[in-house]
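Peer 1: Below you will find the structure I want to go over with you.
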Amino acid sequence: MGMYDDVFRTSLEDPESFWLRAAQGVDWEVAPSRALDSSGAPFYRWFPDGRLNVCFNAVDRHVEAGRGEQPALVYDSPVTGTGRTYTYTQLRDEVAAFAGALAGLGVGHGDRVVIYMPMVPEAAIAMLACARIGAVHSVVFGGFAPPELAVRIDDATPKVIVSASCGIEGKRVIPYKPLLDRAIELAGHKPQKRIILQRPQERAELGPDDLDWAGLVADAPPAACVPVAATDPLYILYTSGTTGKPKGVVRDCGGCAVALHWSMGAVYDIGPGETMFTGSDVGWVVGHSYIVYGPLLAGATTVLYEGKPVGTPDAGQFWRVAADHAVKTMFTAPTAFRAIRKEDPKGALTADYDLSRLRYLFLAGERLDPETYHWASALLDIPVIDHWWQTETGWPIVANPVGIEAAPVKPGSPTRPLPGWDVRVLDPSGQPVPVGVDGAIVVKLPLPPGSLPTLWNDDARFVASYLSAYDGYYLTGDSGHLDEDGYVYVMGRTDDVINVAGHRLSTGSMEEALAAHPDVAECAVIGVADDLKGQVPRGFVVLKAGTARDPGEVEAELVQLVRERIGAVASLKEVAVVAALPKTRSGKILRKTMRGIADGLDEPVPSTVDDPSVIETLRPLLRRPDGTV
Ligand SMILES: CCC(=O)SCCNC(=O)CCNC(=O)[C@H](O)C(C)(C)COP(=O)(O)OP(=O)(O)OC[C@H]1O[C@@H](n2cnc3c(N)ncnc32)[C@H](O)[C@@H]1OP(=O)(O)O
């Protein structure tokens, strides 16, 4: 039996000892006497009597251990032509100062702070500063439009919002202040203050409730780390559900610190002094876990990159970052590699850089297609590791744990479940499906530390969304199968959530946006396969009877409407006005059938269809975006 089998078995047979041992990798104010509290099942709590501070673990303890001069965070920004390295001492001082500024505004233990920022070091500093004083941050991805930000403000009810004057998207400067002002206007909850980081590319005009980051920090006394309960929330991160209202995934302090610290060694093979580069955004869980908390908890160096894989200015930037900062482990989404490959099919730009320190490429966020896997493997000649996880889980469920024991790779599979994750595949009646047969991928409860204990202020939705489909199991919402070696194959979603360039988006919320147009009677949004982004949404609308508008005009307005309501990141570029949508006799729109036809599958028309001719009329339009056959 191999090392992986041993560790995996122990983690499931004796989780108590396994996770208490892992907890020793973290510094505690009060060490936990036990790992798991099941008394409130299905609500589980990890390290119930432990007390710690996550910021202390991510920053201060490395200074105290004598590594204050080691680089902690490297900011690399081709879009501004600037960069900066923060040592652990410098990072501690900046975080303590900003934490002092927040405390001066009355932010304390349990208060929420929304962070709406581009990829600047101050985003990570703000997150760590919240953790330092026991406040709960909620980072909102900068690509979301004001209505999406407003919904999150209303749910998290923050005392303070931290933002910046602008973000930079390639060559475009995007002023953030008007977006923030609009969101606050739309929200019912009004935060007391907004702190704005002024950037030289576009300065914001500050109003009476706005405070300038630099001025505030200059006058702030540094704040000390406040120990909190391991079960206290560290952050809330919203993720798309099937309806328009996003789900506020809660992460607790103790579980997050222990699991991320453990994963840094076991999964990513990163230890103190080594460098990890995660090409993502702090607005996603990948950014929370593996740009900010994971590498810092491990005492490693993290690279925070403000740029794109291509176009800022070229497809060699990931290689430049890897070479310049002696990166050992790189982590990004498959889309980023598909974009690089499209620009530089032979990977010729790698020749310009010394990649001898790069040991691993990790990919996640969407399905890794075998073609991209083979291309990256051949180009880099290092292990390319597909892994699968979710905002809810906080760290990987399935991966090839190179820090424990590397398993043979099977392209198309992220390998086997990691220790702590008891993954099963079930049929609709709750029975395990045979090897090779697709079903719902679930995880037997309790989930390991670091995964969501609940949804913010919504225990009922937590149970309804994740725990009610199969008693005793967490429903991942992904479908797939296991093979004879226990390898997991994740094939798609079981709901209407789609994955566009590694961004999880709700077709339901796009439909809500389309339905808000005064000329739209009904609509459907489906995700269709896309060579670059994995999936892209396509919208189909039926106009209200008697509408005399030009369909092309309405289509363009609808594309713009989704951009304004959800954000450019939704990437809804195609909306078609149609005469009717295919439905069952009971009136349910046949989205799955539409999806199958659009993806070129031999999709059977269900016997419950009301009017088969509607599908036949739509078929050419579904197959080809321009309607040609
Ligand atoms: C494992 C758990 C998880 O799954 S957590 C989620 C992990 N996912 C990720 O890390 C995301 C990976 N994807 C990416 O980083 C990007 O999509 C990459 C690959 C870099 C490509 O970026 P880009 O060329 O901008 O395409 P895109 O599809 O992301 O963007 C579509 C439109 O949205 C815009 N956008 C994007 N980000 C922002 C932002 N922060 N602020 C404002 N706008 C943004 C883009 O500019 C683009 O706009 P447009 O349609 O071209 O006008």
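The values are calculated or read from the model by the stated rules, or taken from the named source; none is laboratory data. Computed from a predicted model, the values in this text were never measured in an experiment. Positions of Cβ are generated from backbone atoms using ideal geometry, with glycine treated the same way; all protein chains shown enter the neighbour counts.
Peer 1: Residues of the stretch 551-582 being part of a loop (DSSP other than H, G, I, E, B), aliphatic (A, V, I, L, M) and farther than 29 Å from G142 by Cβ, which ones?
Peer 2: Listed by number, the residues that qualify are V578, A579, A580, L581.
Peer 1: Then there is this: Would you check if there is a residue in the stretch 418-426 being at pLDDT below 95, farther than 22 Å from A266 by Cβ and either away from the ligand (no atom under 16 Å from the Cβ) or part of a strand (DSSP E or B) (or both)?
Peer 2: Within the stretch 418-426, not a single residue is at pLDDT below 95, farther than 22 Å from A266 by Cβ and either away from the ligand (no atom under 16 Å from the Cβ) or part of a strand (DSSP E or B) (or both).
Peer 1: Sticking with this structure for a sec: Just to verify a result, which residue in the stretch 518-542, among those that are surrounded by fewer than 19 Cβ atoms within 10 Å (Cβ to Cβ) and away from the ligand (no atom under 16 Å from the Cβ), is nearest to the chain's Cα centre (by Cα)?
Peer 2: Here the answer is E522.
Peer 1: If you don't mind, there's one more thing I want to ask. Can you name every residue in the stretch 370-407 that is within 16 Å of the ligand (Cβ to nearest atom) and part of a helix (DSSP H, G or I)?
Peer 2: Matches in the stretch 370-407: T372, W375, A376.
Peer 1: Given the residues E306, E274, which is the only one that is closer than 30 Å to L20 by Cβ and among the acidic types (D, E)?
Peer 2: E274
Peer 1: Looking at (1) within 21 Å of V95 (Cβ to Cβ); (2) under 23 Å from the mean Cα position of the chain (by Cα); (3) not aliphatic (A, V, I, L, M), find the lone condition where R194 falls short.
Peer 2: All conditions are met except number (2).
Each row is one residue, and each column tells you yes or no for (1) under 21 Å from V54 (Cα atoms); (2) under 19 Å from the mean Cα position of the chain (by Cα).
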residue: G106; (1), (2): yes, no
residue: I115; (1), (2): yes, yes
residue: A126; (1), (2): yes, yes
residue: A135; (1), (2): yes, no
residue: V139; (1), (2): yes, yes
residue: D155; (1), (2): no, yes
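Peer 1: Taking helices (runs of 4 or more DSSP H) that do not extend beyond the stretch 278-361, which have at least 2 residues that are small (G, A, S)?
Peer 2: In the stretch 278-361, the matching helices (runs of 4 or more DSSP H) lie at 317-324, 334-343.
Peer 1: What are the pairs with Cβ atoms under 7 angstrom where one residue, in the stretch 150-170, is over 9 Å from V113 (Cα atoms) and within 12 Å of the ligand (Cβ to nearest atom) and the other, located anywhere, is assigned to a strand (DSSP E or B) and of a type in the set (D, E)? Sequence gap at least six, or different chains.
Peer 2: Once the first residue is over 9 Å from V113 (Cα atoms) and within 12 Å of the ligand (Cβ to nearest atom) and sits in the stretch 150-170, its partners that are assigned to a strand (DSSP E or B) and of a type in the set (D, E) give C166/E202.
Peer 1: Follow-up. Which count do you get for residues in the stretch 8-41 that are within 28 Å of the chain's Cα centre (by Cα) and β-branched (V, I, T)?
Peer 2: Residues meeting the conditions: 1.
Peer 1: Which condition does V114 not pass, out of (1) assigned to a strand (DSSP E or B); (2) buried (at least 19 other Cβ atoms within 10 Å of the Cβ); (3) away from the ligand (no atom under 16 Å from the Cβ), if it passes all the others?
Peer 2: With respect to (1) assigned to a strand (DSSP E or B); (2) buried (at least 19 other Cβ atoms within 10 Å of the Cβ); (3) away from the ligand (no atom under 16 Å from the Cβ), V114 is out only on (3).
Peer 1: Within the stretch 601-621, which residues are touching a residue at least 40 places away in the same chain (Cβ under 8 Å) and in contact with a helix residue (DSSP H, G or I) (Cβ under 8 Å, 6 or more places away or on another chain)?
Peer 2: Correct list: L618 only.
Peer 1: Can you say whether V569 is β-branched (V, I, T), within 17 Å of V500 (Cβ to Cβ) and touching a strand residue (DSSP E or B) at 6+ places or on another chain (Cβ under 8 Å), as far as the supplied structure shows?
Peer 2: Yes, satisfied.
Peer 1: Using the structure shown, decide if A101 is out of contact with any Ser or Thr (no Cβ under 6 Å at 6 or more places or on another chain), within 17 Å of L234 (Cβ to Cβ) and buried (at least 23 other Cβ atoms within 10 Å of the Cβ).
Peer 2: So A101 does not fit the description; no.
Peer 1: Filter the stretch 273-300 down to residues that are among the aromatic types (F, W, Y) and within 15 Å of G450 (Cβ to Cβ) and give me whichever is farthest from the chain's Cα centre (by Cα).
Peer 2: The residue in question is Y293.
Peer 1: Let me ask you something else. What do you reckon, is L452 in contact with a helix residue (DSSP H, G or I) (Cβ under 8 Å, 6 or more places away or on another chain) and outside any strand (DSSP E or B)?
Peer 2: yes
Peer 1: Please work out which one of (1) in contact with a helix residue (DSSP H, G or I) (Cβ under 6 Å, 6 or more places away or on another chain); (2) hydrophobic (A, V, I, L, M, F, W, C); (3) closer than 26 Å to P414 by Cα is the condition A259 fails and give its number.
Peer 2: For A259, the failing item is (1).
Peer 1: Restricting the search to the stretch 330-360, which residues are among the hydrophobic types (A, V, I, L, M, F, W, C) and within 16 Å of the ligand (Cβ to nearest atom)?
Peer 2: If the condition is that a residue be among the hydrophobic types (A, V, I, L, M, F, W, C) and within 16 Å of the ligand (Cβ to nearest atom), then M330, F331, A333, A336, F337, A339, I340 are the ones that fit.
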